[in-house]
Amino acid sequence: MDITTNGPVLSLHGDFDVRSTWEVRAAIYDHLEGCLDEDVVIDMAHVDNIDVTALRVLAVATCQAWLDGHHLTVRNCGPAVRRMMHLTRLARAIEVERAVASA
C-alpha cells in the first residue's frame, strides 16, 4: 500500500486489506491531527481491492473524526469498493463524496 498526501487529501494506492490496515489507520489519524482546520479527504481512485477490515477502519475513522470536530470524506470509490461498502452495510457509516454530474 502506497500512501501519499497533498494538503487535506490522503491518496491510497494498491490493495487496502488486512495487511495494510495498520499502516492506513496510522496515516489517517496522523493526517487528522495535522489538519486541524480542514476537512480530510481519502482518495480511493487507485485502490483495486478492499476487504471488511479496511472498511471498518474507514468507518471508525469517520466516527472518530466527527467526535473530534473534523469531517472525513472518502472519494473516487471504484465499483468493487462501493459493492463491498453496500454488502457489508458500512456504506451508512462512511461518508462517500458524490460524483459531480457532468453537463
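No value in this document is a laboratory result; all are computed from the given coordinates. All of these numbers come straight from a predicted model, not from anything done at the bench. Neighbour counts are summed over all protein chains in view; Cβ atoms, including those assigned to glycine, are modelled from backbone coordinates with ideal geometry.
Applying the Karplus relation 6.51 cos²θ - 1.76 cosθ + 1.60 with θ = phi - 60° to the range 46-59 yields 3J(HN,Hα) values of 10, 8, 7, 9, 9, 10, 5, 4, 5, 5, 5, 4, 5, 5 Hz, where x marks Gly and Pro.
Charges were assigned to the Cβ only: +1 to each Lys and Arg, -1 to each Asp and Glu. The resulting dipole of the range 1-86 about its Cα centre is roughly 380 debye. A simple spin-label model places pseudo-atoms 7 Å from Cα toward Cβ; at GLU33 and ARG83 they are separated by 3.8 nm.
Taking each residue as 0.36 nm, the span from THR5 to ARG75 lengthens on full extension beyond its C-alpha to C-alpha distance by 23.8 nm. Using a cutoff of 8 angstrom between alpha carbon atoms and counting only pairs six or more residues apart, the relative contact order for the range 2-92 works out to 31 percent.
Rounded to the nearest 500, the 222 nm mean residue ellipticity of the chain from helices alone is -12500 deg cm²/dmol, with -39,500 (n - 2.57) taken per DSSP H run of at least 4 residues. Among the GluC sites (Glu not before Pro) found in the range 8-86, those both in a DSSP coil and sparsely packed, with 16 or fewer other Cβ atoms within 10 Å of their Cβ, are GLU38.
Quick check: Cα centre of the range 1-24 to Cα centre of the range 78-93, how many Å? For the range 1-24 versus the range 78-93, the Cα centre distance is 18 Å. Measuring r between the beta carbons of ARG19 and ALA45 and using R0 = 25 Å, the FRET efficiency lands at 0.80.
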